[in-house]
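Worksheet for the structure shown next.
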Amino acid sequence: MLLRLLPLLTLSAFVRPALGQQTPRELNTVPAPAPPDTTRAVAPVTSPVLAPGTPASDPRQAPPLPPANTSRYSVGLKSGQVLRGYDVQVRSPVFGRTFLLVDGQQKLDFNDVRYYEDETGFYVRTTLPGRSKRESTLRRDRVGRISLYSITTQQYSNNGFGPGGYSPYGYGGFGGYRTVRNEYFSKDNGPIEDLSIRNLQLATTDNAGSQQLLADARRYQTLTTLSYVGAGGLLLAGVLSSFGGSNGLSVSPLVYAAIPLAIVPLVIGGKSQNNVKQAVLLYNTGR
């Protein structure tokens with residue numbers, strides 16, 4: 001029996017000192033964290049390099065928007081100053097003088113303006129040829145060595161005779177206001193001139209193609225004038241003979257003869273205007 005207990009006594013002698021060396025852990029305490037692993041490489045954190053004076057921004061914010069367009073149109077003054085704005089309007093008050101309003105704040109007298117732009121086009125302030133020194137506003141319709149300009153006005157007419165001669169559409173009318181568009185041109189930014197075939201022929205003497213087109217336009221214009229005069233004469237003679245006949249009121253054949261002559265200007269007049277436009281285009285392209 002003693003021999004069986006001897007191994008157990010020997011083992012307890014070795015185990016008891018080892019248990020006595022452990023320190024008991026206090027209650028309600030958190031175990032100490034594990035020491036950091038220094039064997040894993042950590043990538044360095046880098047910050048973007050900002051230029052001096054550049055404020056730091058949140059990368060989650062959207063990039064700033066570009067600045068608004070505040071120089072959409074320009075206004076040139078006679079003093080040489082050029083103003084730029086996003087909105088240019090022409091104001092014509094009932095009492096007072098017409099002025100330009102730039103961006104809803106700055107008022108400019110028309111007498112101080114040399115040119116201006118708005119949403120409808122480009123305009124210049126100048127005196128018209130052969131007129132008084134009072135300035136008018138012309139719209140620029142085409143740009144080139146020969147630039148075309150125009151002005152639209154309202155005129156009152158009480159008969160069928162206009163600046164171009166007899167008009168069959170106005171005969172027997174009651175009159176009224178009509179829109180009149182006058183055209184002008186300027187060569188190499190020179191003075192404004194009436195857009196007539198004669199003036200254009202003098203301005204395009206160095207271009208044979210333009211000269212030929214303008215010569216044809218002049219012939220069309222002459223035929224148009226003769227047709228107007230002929231139609232007016234026949235119609236007047238036909239009306240007089242219709243009322244002066246012995247058989248009472250009857251339509252004279254002269255009235256019917258005037259109809260073809262009245263139609264001719266409608267066809268030839270379009271060809272004349274087209275030749276003028278082609279002559280200007282040919283001159284500006286230098287061909």
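Values as computed for the structure displayed
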| quantity | calculated |
| --- | --- |
| Residue in the range 199-209 that is open to solvent by 50 Å² or more (accessible area, probe 1.4 Å) and modelled with pLDDT under 85 present | no |
| Residue in the range 224-232 that is within 39 Å of the chain's Cα centre (by Cα) and β-branched (Val, Ile, Thr) present | yes |
| Qualifying residue in the range 122-131 (condition: over 27 Å from Lys187 (Cβ atoms), assigned to a strand (DSSP E or B) and open to solvent by 30 Å² or more (accessible area, probe 1.4 Å)) | no |
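The values are calculated or read from the model by the stated rules, or taken from the named source; none is laboratory data. On a predicted model such as this, the values are computed, not experimentally measured, just so you know. A quick note on method: Cβ atoms are made from the backbone with ideal geometry, for glycine too, and the neighbour counts reach across all protein chains shown. Please note that ligands, DNA and RNA were not included when accessible areas were found on the heavy atoms of the full protein model with its side chains. Shrake-Rupley method; radii C 1.70, N 1.55, O 1.52, S 1.80 Å.
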